[in-house]
Amino acid sequence: MDTNTKTLGEALRRNGVTRRGFLKFCTATASMMALPPSMVPAIAAALEQARRPSVIWLSFQECTGCTESLSRSHAPSLENLIFDHISLDYHHTLQVASGEAAEAAREAAMHANEGAYLVVVDGSIPLGNPGYSTIAGFSNLQTLEETVAGAVAVIAVGTCASFGGLPKAYPNPTGAVSVSDIVTDKPVINVPGCPPIPMVITGVLAHYLTFGTLPELDHYGRPKAFYGTSIHDRCYRRPFYDKGRFAHTFDDEGARKGWCLYKLGCKGPMTYNACATAKWNQGTSWPVESGHGCIGCAEPDFWDAGGFYNALSVPTGEISRNASYAIAAGVGVGAIAAGINQRTRNKAVRQHAEVTIEDLEKR
């Protein structure tokens, strides 16, 4: 395709993106990928000459929230700089074509870019019955297997594609599975979240365009640059946790003062994502900052984790004994530190040591 022969630099200039704007994008990309400032010139040089890769986006059992998240990024945005200048050759929601013309575009992109195109998938794949979800008369499974056959890699966007998400939640009536349950002969990069952070999708694509390789992944197939640290460790409320200061209801004094939401079910200690640093809505805020605990949406089986408002109510084995000790110790030490005299300390210990190691292991 002629559009694919242009470099990213040429496409940016044609669309009026200034050199300053381009370098700001490269700087932000380096920061998001946890790369030193010295890498900014290398990223700029690589992206300047990078060819626009063909991308085929498949949507299966999903709510379109992942696309909505991406399309509502602010402008000029990192997401638009990337997604306007890849060749997005197929996308159910964004493409103009429909019917036979749409499927012809997908097939043309596959044949023209054999072995070099990227497949982005959002939504889980139903295995219980092919008729649960079909596109152009073909089951999701058929479409996925046909499309990834000639792809260089697959990016599973959102928790449904990464881990099965809501469709896989008990009792899983459609027999929903994740992309990696089906695709075993191609690299699969999981970008979970309900929805995922737009800049994380951008970072994965930028890494591929810059280095020609996929980013380093964790044991769940997630990019370590974005999922390498827990929400808890990046949270601005962490100092209150360490001091044993917790909100007990959403409208008590602790909640009004911005104290830790752990006892209200915040899953930050066992959730790995970049929400606390990337934030949402032009970097305005994120759930914990707006007063609601993290629900752990970037983790497997978060819908079945025992309720959004139960403190660290997760499936057996998700939290290790060491983590349990650390949590209990944090609560206990924080409570002791909060006291001024013996009576105050005793009261604080009783109040903040409600979650014990035994309690955590029973949940």
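Every number in this text was worked out from the coordinates using simple rules, so none of it is lab data. Predicted model only: the values in this text are computed from it and were never measured. Neighbour counts are summed over all protein chains in view; Cβ atoms, including those assigned to glycine, are modelled from backbone coordinates with ideal geometry.
The calculated pair-distance distribution of the range 53-226 uses every alpha carbon pair, bins of 10 angstrom beginning at 0, and gives 10, 41, 39, 10, 0 percent.
Estimated at 0.36 nm per residue, the fully extended path between Thr134 and Arg19 surpasses their Cα-Cα distance by 37.0 nm. On the beta carbon distance between Tyr170 and Asp218, with R0 = 35 Å, the FRET formula returns roughly 0.85.
Considering only beta bridges that DSSP places wholly inside the range 53-226, some 25 percent are antiparallel. Size check on the range 160-257: the Cα extents along the three principal axes, sorted descending, read 53, 41, 21 Å.
Each listed q (0.19, 0.22, 0.28 Å⁻¹) maps to a log10 I(q)/I(0) for the range 240-315, found by the Debye formula over equal Cα scatterers with no solvent: -0.80, -1.02, -1.30.
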